[in-house]
Amino acid sequence: MRDNYDVVVVGAGPGGSVAAQTAAEECDVLLIEKRQEIGAPVRCAEGVDKERFLEFIQPDKKWIASEIHTYRVNAPDGAMVELSGEAIGFETIYVLERKLFDRELAKRAARAGADVMVRTRATGLIKEDGAVKGVKINRLGENFEVRAKVVIGADGVESQVGRWGGINTTLKLEDIESCAQYYMTNVDEVEDGVIDAYFGSVAPSGYAWLFPKGEKTANIGVGVLASKLDGKRSVDYLNEFAMKHFPDGQPAELVMGGVPASDKLKTIAGNGLLLVGDAAHCGDPVTGAGIVAAMESGKMSGEVACKSVRQNDASMRVLKEYQSKWHNTYGKVQKHNYKIKEFHANTSDEEFNKVIRELKNIKLGETNPIHAATRLLKANPRLLLVIRHLLYRGTHGYRLG
Ligand SMILES: Cc1cc2nc3c(=O)[nH]c(=O)nc-3n(C[C@H](O)[C@H](O)[C@H](O)COP(=O)(O)OP(=O)(O)OC[C@H]3O[C@@H](n4cnc5c(N)ncnc54)[C@H](O)[C@@H]3O)c2cc1C
């Protein structure tokens, strides 16, 4: 095993693989993954916004399970409104097969020249004079030290790399969605091309979902704000939800995991160190979506890491360009979406019922937007805050998804 690289990337999720691929186009890169299989187990509902996704990769039928054009929003009292993608600003959502997709991204990193190792866990960082100089690794039971000019921590929501590097990545309970999901089959309610989202006490301060995967099969899950679990586990909410809505469904897989639902993390770079994806809390605080955000931050980090190698200076002076770039683009959207999340987190069942019933009466996309906004504001004046933040986001042209 080599003991020296320009860049070591810890974690082969979407963030790590895209960081490794980008950096490997110019630098010497090692990508390590602690699991024995990249992409498994899948802890994800696997939905991505097509428009943003296409900036990275052309879709391939092998790892796209379905294409979504219709969104059904379900109120606590059973009212339901069907919205087209156009009406809510998404052309299409792809539901991926992440087992295959994550592997495809790792392959691309390898083809760009990165060395890829599985069953290889980072156990600590090599630090000298206040700077990160490499990674301590356990590979198949043996310990190694690998020196690097830059270490990219892409080790997900439970990231240790940031903490080892002195960056406080602790999430408050009110900033984590606690998720549980069945990959469930024999679900008669699955409709191709349609996503269902359920709001209210079914998943306090979060939502429950059905993402179709074809043949009466779907990802069916809940995300509950950890501070609102109220003595229950997310899997308890999932069981109640699944039993009520899909009584004949049979689970083939259960996954549980946390999703950051926070404002942007202030520090995502240090001397010799960059954090990306969930490790840097890059996802959308409203939807919990973080796949494309991980890829975006991965790409930015790979580019800046190579620049620092070229300049032979991996100090914060050069690496902070990554932090500024994230904060000045998607970080701004995160800030506004965080405000929307706070609104959502404090909305009662009655308020959801009223707004969703009003949405049902308005033909979004056809009704004059001012009239639509006025009617929604009548149903819930607190929506003014959401409209303000949505307008801001619109003017900046970036979307988190
Ligand atoms: C139930 C659920 C549903 C979700 N649904 C969606 C959705 O529909 N759409 C969406 O966009 N997002 C969704 N997400 C979020 C999405 O899964 C993450 O945002 C995304 O995977 C983040 O990518 P990442 O590369 O930052 O981290 P990850 O994909 O978590 O990858 C991190 C990798 O690092 C590895 N690793 C960790 N520690 C070490 C170590 N010490 N050494 C070596 N390797 C290590 C891990 O094994 C893992 O492979 C969901 C999450 C959950 C839990």
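Bridges between two residues of the chain, per DSSP, are antiparallel at a rate of about 70%. Computed from Cα positions, the angle between helix 291-310 and the longest principal axis of the chain comes to roughly 20 degrees. The residue list T185, Q323, M80 was ranked by how far each Cα lies along the charge dipole of the chain toward its positive end, using unit charges on Cβ atoms, and Q323 comes out on top.
Got the relative contact order for the chain handy, in percent, Cα pairs under 8 Å and 6 or more residues apart? It would help to have the intermediate numbers written out before the result.
Values: 928 pairs, mean separation 80.4, N = 401.
About 20 percent, as a whole number.
So for the stretch 160-298, averaging the separation of alpha carbon pairs under 8 Å that are six or more residues apart and normalising by length, what relative contact order in percent results? Normalised by residue count, the contact order of the stretch 160-298 is 27 percent. Across the stretch 332-339, coupling constants 3J(HN,Hα) worked out from phi with the 6.51/-1.76/1.60 Karplus curve, θ = phi - 60°, read 5, 5, 4, 4, 6, 5, 5, 5 Hz, and Gly and Pro carry x. The residues packed around H327, meaning those with a beta-carbon under 15 Å from its beta-carbon, carry a net charge of +3 if Lys and Arg are +1 and Asp and Glu are -1. Here the chain is assigned +1 on the Cβ of each Lys and Arg and -1 on the Cβ of each Asp and Glu. Its dipole about the Cα centre then comes out at about 1080 debye.
Please work out whether the stretch 257-355 counts as rounded, prolate or oblate from its C-alpha gyration tensor, where a ≥ b ≥ c are the square roots of the eigenvalues and a/c under 1.5 means rounded, while otherwise a/b larger than b/c means prolate and anything else oblate?
Details: a/c = 3.45, a/b = 3.00, b/c = 1.15.
Prolate is the answer for the stretch 257-355, as a/c is 1.5 or above and a/b outweighs b/c.
Less than 5 angstrom separates the built amide H of I64 from those of E97, all sequence-distant by 5 or more or on a different chain.
Could you pull out the pairs from K232/K264; K133/K320; K228/K335; K213/K299 whose alpha carbons sit more than 20 Å apart here? Mind showing how you got there, number by number?
Numbers: K232/K264 28 Å; K133/K320 17 Å; K228/K335 22 Å; K213/K299 28 Å.
Beyond 20 Å between Cα atoms: K232/K264; K228/K335; K213/K299.
Full extension of the chain between E215 and E91 yields a length gain of 42.3 nm, computed as 0.36 nm times the residue separation minus the alpha carbon distance.
Could you tell me which of rounded, prolate or oblate describes the stretch 1-43, using a ≥ b ≥ c as the square roots of the eigenvalues of the alpha-carbon gyration tensor, with rounded for a/c under 1.5 and, failing that, prolate when a/b is larger than b/c and oblate otherwise? Oblate.
Computed over neighbours whose Cβ is under 12 Å from that of Y94, the net charge equals -2, Lys and Arg +1, Asp and Glu -1. Which of P41, P14, P212 moves the most in a Gaussian network model of the chain with Cα springs under 10 Å? Among P41, P14, P212, the largest mean-square fluctuation in the Gaussian network model of the chain belongs to P41. Rounded to the nearest 10 Å², what accessible area does E321 show when all protein chains are kept and the probe is 1.4 Å? My reading of the accessible area for E321 is about 70 Å². Adding -39500 (n - 2.57) for every DSSP H run of four residues or longer, then dividing by how many residues the chain holds, sets the calculated 222 nm ellipticity at -10500 deg cm²/dmol. Computed from backbone phi with θ = phi - 60° and the Karplus coefficients 6.51, -1.76 and 1.60, the 3J(HN,Hα) list for the stretch 193-204 is x, 10, 9, 10, 10, 10, 10, x, 5, 4, 8, x Hz; x is used for glycine and proline.
Normalising the average separation of contacting C-alpha pairs (under 8 angstrom, six or more residues apart) by the number of residues puts the relative contact order of the stretch 51-109 at 38 percent.
Note down the accessible area of M184, probe 1.4 Å, to the nearest 10 Å². That residue has around 10 Å² of solvent-accessible surface.
Summarising the amide proton neighbourhood of G134: residues at separation of 5 or more, or on other chains, whose placed amide H is nearer than 5 Å comprise I126, A148. Cα centroid distance between the stretch 1-50 and the stretch 143-206, in Å? When both Cα centres are located, 16 Å separates them.
The values are calculated or read from the model by the stated rules, or taken from the named source; none is laboratory data. Note that this is a predicted model, so its numbers are computed, not measured. Using ideal geometry, Cβ is built from the backbone for each residue, glycine included, and neighbour counts are taken over all protein chains shown. Surface areas here come from the heavy atoms of the whole protein model, side chains and all, with no ligands, DNA or RNA. Shrake-Rupley method; radii C 1.70, N 1.55, O 1.52, S 1.80 Å.
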